[in-house]
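Just so it is clear, none of the values below were taken in a lab; they were calculated from the coordinates. Nothing here was measured: the structure is a model prediction, and the numbers come from that model. Virtual Cβ from ideal backbone geometry, glycine too; neighbours counted across all protein chains shown.
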Amino acid sequence: MKLFEWTKEKPNFPCLFISRSKWKDYWTYDIWEIVHSDEWNYDMLIDSEGYEWGPLEDLNEQEYMLIEDHRKEGAK
């Protein structure tokens, strides 16, 4: 997965990304972060307001753009 390119592949590792889906004649966009929890040993999906949203599997958008890859920062 490359930085700053739209893809249909959803990220599944600690990172910051944008999602988008077309609805009628316009696109809707959201910002997400995947953060690894050492305490619970799983990757949490955090919404743009900083709240845990739910399982990554439940996020079904049309396209994704990777903004930051947090694996390089020592995340699991």
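Observations, loosely collected:
- When restricted to Cα atoms, the chain yields an Rg and a Dmax of 12.4, 43 Å, respectively.
- Rel. contact order, % - alpha carbon contacts under 8 angstrom, at least six apart, the chain: 42
- Loop sites in the chain: chymotrypsin sites (Phe, Trp or Tyr not before Pro), DSSP, at most 11 other Cβ within 10 Å: Phe4, Trp40, Tyr51
- Lysine pairs with alpha-carbon atoms under 17 Å apart, the chain, spacing 8 or more or separate chains: 4
- Using the Cβ-Cβ distance between Ser48 and Asp25 with R0 = 22 Å, the FRET efficiency computed as 1/(1 + (r/R0)^6) comes to roughly 0.40.
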